[in-house]
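Worksheet: the structure to be examined is printed underneath.
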Amino acid sequence: FTTTHCYLTMHRLLILSIFSLAALLALAEGSYIGVNYGRIANNLPSAFKVVNLLKSQGINRVKLYDTDRAVLRALSGSGIKVTVNLPNEQLFFAAKKLSYAVSWLNRNVIVYQPHTVIEAIAVGNEVFVDPHNTTKYLVPAMKNIHKALIKNNLHNSIKISSPIALTALGSSYPSSTGSFQPELVESVIKPMLDFIRETSSYLMVNVYPFFAYESNADVISLDYALFRENPGNVDPGNGLKYFNIFDAQIDAVFAALSALKYDDVRIVVSETGWPSKGDSDEVGASPENAAAYNGNLVKKILTNGGTPLRPNANLTVYLFALFNENGKVGPTSERNFGMFYPNMEKVYDVPFTVEGLKRT
């Protein structure tokens, strides 16, 4: 083994290392962490304080559930990219009248551009489980909002989507059987996916491994739910091995898209999180588990991105939620998904950036 061979081997290793680093950086470049800024509470800090909090944590993407004037004004000049929401109760009007969609866009988006960087509009939220049955208005509303964007020449810079709950799937386990609810496919899923494809947008999906774990804690290990070391589970349908629920749930959505021939549609995780407190029957709700879930998820997204089915998929993930919200109804967990208390102290420590990960 000559000196020349040694130099050649070292040279090849160096090139491979450079390529590996470049691939890692390219992956991280397209994978982002954002937060959901819900405000169903009577004790939250002012929007200006919240924007300073976001900046101090290195959070550069935020998703809102409305178009609150004070919040959008506070975000002006911050450089933080914003997703706003057209609420479910307005879908009917936006679907029926283009003039309503144009007026809504003018009042809630145009007036803040370009100083507030609005990058997406979520039309509705988990519409398929809305008790007011607004599903049939969803795609027409999305199309009218898009026409309004075209009128203002913003259709290339602002994307339109609609967050769906995982319950939109008729089958999600194992991942390879992923499929949408049959009654939704022709009426709304395909038209929505056609629209998303035509506008180069993405499908927003809300996934909560906590609820899967809580309901099946006798058969699902906590390590599997929290991205910790575990033996993993092999999907008998595709032969892939899964080491966490999050990947399995996302791949079920990818499989559902693939079954309908929409493999090219990207996914953004519009909500995911873990509660720091729950009722006695809410197994797994604790600050330690919430810190583990969110912290390990951030590490996964910012360092090695994809899923077993789509290893090269760049995922943008919005953590739920910024604050504990005391006005939410339901079990105790509903009021304790926040990563910060209303006084802006951390409920638990979680990094949001690559730099933050290095300090953990």
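Of note:
- Any hit, region 247-257, residues being outside any helix (DSSP H, G or I) and either surrounded by fewer than 21 Cβ atoms within 10 Å (Cβ to Cβ) or touching a Lys or Arg at 6+ places or on another chain (Cβ under 9 Å) (or both): no
- Counting only residues that are in contact with a helix residue (DSSP H, G or I) (Cβ under 6 Å, 6 or more places away or on another chain) and part of a helix (DSSP H, G or I), region 269-297 holds 0 of them.
- Considering region 123-136, the residues that are surrounded by fewer than 23 Cβ atoms within 10 Å (Cβ to Cβ) and not in a loop (DSSP other than H, G, I, E, B) include one that is farthest from the chain's Cα centre (by Cα), namely LYS136.
- Within region 144-171, if we keep just the residues that are of a type outside the set (Gly, Ala, Ser), assigned to a helix (DSSP H, G or I) and more than 22 Å from the chain's Cα centre (by Cα), the residue that is surrounded by the fewest Cβ atoms within 10 Å (Cβ to Cβ) turns out to be ILE150.
- In region 84-109, the residues that are within 19 Å of ARG69 (Cα to Cα) form Cβ pairs under 6 Å with partners that are open to solvent by 30 Å² or more (accessible area, probe 1.4 Å), at six or more places apart or across chains, as follows: ASN85/TYR65; ASN85/ASP66; TYR100/PHE93.
- Filtering region 311-327 to residues that are surrounded by 19 or more Cβ atoms within 10 Å (Cβ to Cβ) and more than 19 Å from PRO351 (Cα to Cα) leaves only GLU325.
- Only one of the listed residues (PRO191, PRO114, PRO182) is free of Cβ contacts under 8 Å to residues at least 12 places away in the same chain and over 18 Å from the mean Cα position of the chain (by Cα). That residue is PRO114.
- Cβ pairs under 9 Å, 6+ apart, first in region 204-221 and farther than 18 Å from ASN336 by Cα and touching a residue at least 60 places away in the same chain (Cβ under 8 Å), second open to solvent by less than 10 Å² (accessible area, probe 1.4 Å) and in a loop (DSSP other than H, G, I, E, B): MET204/SER162; MET204/PRO163; VAL205/PRO163
- Residues being of a type in the set (Gly, Ala, Ser) and either in contact with a Leu (Cβ under 7 Å, 6 or more places away or on another chain) or in a helix (DSSP H, G or I) (or both) - total across region 174-223: 7
- Residue, farthest from VAL50 (Cα to Cα), within region 330-360, restricted to residues that are among the β-branched types (Val, Ile, Thr) and either part of a loop (DSSP other than H, G, I, E, B) or touching a Ser or Thr at 6+ places or on another chain (Cβ under 6 Å) (or both): THR360
- Residue in region 93-103 that is hydrophobic (A, V, I, L, M, F, W, C), in contact with a strand residue (DSSP E or B) (Cβ under 9 Å, 6 or more places away or on another chain) and not in a helix (DSSP H, G or I) present: no
- Residues of region 33-56 that turn out to be open to solvent by 30 Å² or more (accessible area, probe 1.4 Å), within 20 Å of the chain's Cα centre (by Cα) and not basic (Lys, Arg), as a count: 1
The values are calculated or read from the model by the stated rules, or taken from the named source; none is laboratory data. Remember, predicted model here, so these are calculated numbers, not experimental data. Don't worry about glycine lacking a Cβ; one is built from the backbone with ideal geometry, like all the others, and counts go over all protein chains shown. With ligands, DNA and RNA removed, areas are computed over all heavy atoms of the protein, side chains included. Shrake-Rupley method; radii C 1.70, N 1.55, O 1.52, S 1.80 Å.
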